[in-house]
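A.B. asks: Below are the C-alpha cells for one structure; questions will follow.
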Amino acid sequence: MKRYFSRLIALVLVAVIGLMGCSSNSQVMTGDYRQDTLALLHSMRAAIELPEGAAEQAAAQAQARQDINDFASRYRRDSSVSKLSSFTTIRTALNSLATQYTSYPNRPLPQKLKERLEQEFEQIEAALKRGT
C-alpha cells in the first residue's frame with residue numbers, strides 16, 4: 001500500500017509541475033496572424049514611445065522582448081505567413097529592435113531607428129489591410 005501511495009504522490013507532483021510549466025503571465029499568441037501582428041505592433045510602439053528614463057521603460061522593453069520571442073517562435077516556421085510582405089517587414093523590424101535591446105540594453109534608441117521602425121510599422125499595417 002505504501003508503494004502505491006508514493007507512486008500516486010509522484011504522479012501528482014509530475015502533473016502539477018508539468019502544468020505549472022505550461023502557464024505564463026505574458027500574452028499568448030492566439031494563432032490569428034493579423035491579430036497577433038497588431039498586438040505585437042502595439043507592444044513595440046509602447047516600448048519605443050516611452051521617454052528615456054521613464055519608470056516603466058524597463059518593464060515595457062522586457063514585455064516587448066517577450067512578445068517578440070513569442071511571435072517569432074509562433075510564426076517563424078509557418079509557411080502560410082512566411083511569404084506575406086507584412087511578415088517579412090515585421091521580421092526586419094523585430095530583428096532591428098531585438099538587436100538594439102540585446103547589444104545596447106542601457107542606451108536609448110537612436111532617432112533614426114525610431115523613424116525607420118515607425119515607417120515599417122505603417123507598411124505592416126497597410127499590408128495587413130490589403131491581406132498580404
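The values are calculated or read from the model by the stated rules, or taken from the named source; none is laboratory data. As the structure is a prediction and not an experimental result, all values here were calculated from the model. Using ideal geometry, Cβ is built from the backbone for each residue, glycine included, and neighbour counts are taken over all protein chains shown.
A.B. asks: Select, from ALA47, ALA93, ALA64, ALA39, the only residue that is modelled with pLDDT of 90 or more, closer than 26 Å to GLN123 by Cβ, of a type in the set (A, V, I, L, M) and touching a helix residue (DSSP H, G or I) at 6+ places or on another chain (Cβ under 7 Å). Can you show your working first?
C.D. replies: Details: ALA47 fails: modelled with pLDDT of 90 or more; ALA64 fails: modelled with pLDDT of 90 or more; ALA39 fails: touching a helix residue (DSSP H, G or I) at 6+ places or on another chain (Cβ under 7 Å).
After ruling out the rest, the residue left standing is ALA93.
A.B. asks: Hey, which of the helices (runs of 4 or more DSSP H) in the stretch 36-132, taking only ones fully inside, have at least 2 residues that are surrounded by 13 or more Cβ atoms within 10 Å (Cβ to Cβ), of a type outside the set (S, T, N, Q) and under 14 Å from the mean Cα position of the chain (by Cα)?
C.D. replies: Values: elements: 57-75, 85-103, 111-130.
Result: 57-75, 85-103.
A.B. asks: Just one of the numbered conditions (1) at pLDDT below 90; (2) touching a helix residue (DSSP H, G or I) at 6+ places or on another chain (Cβ under 7 Å); (3) not acidic (Asp, Glu) is not true of TYR75; which one?
C.D. replies: Here TYR75 meets the rest and fails (1).
A.B. asks: Find all pairs meeting these conditions: Cβ atoms under 6 angstrom apart; at least six residues apart or on different chains; first residue within the stretch 37-51 and free of Cβ contacts under 8 Å to residues at least 12 places away in the same chain; second residue surrounded by fewer than 21 Cβ atoms within 10 Å (Cβ to Cβ).
C.D. replies: As it stands, the answer is LEU50/GLN57; LEU50/ALA60, since those pairs meet every condition given.
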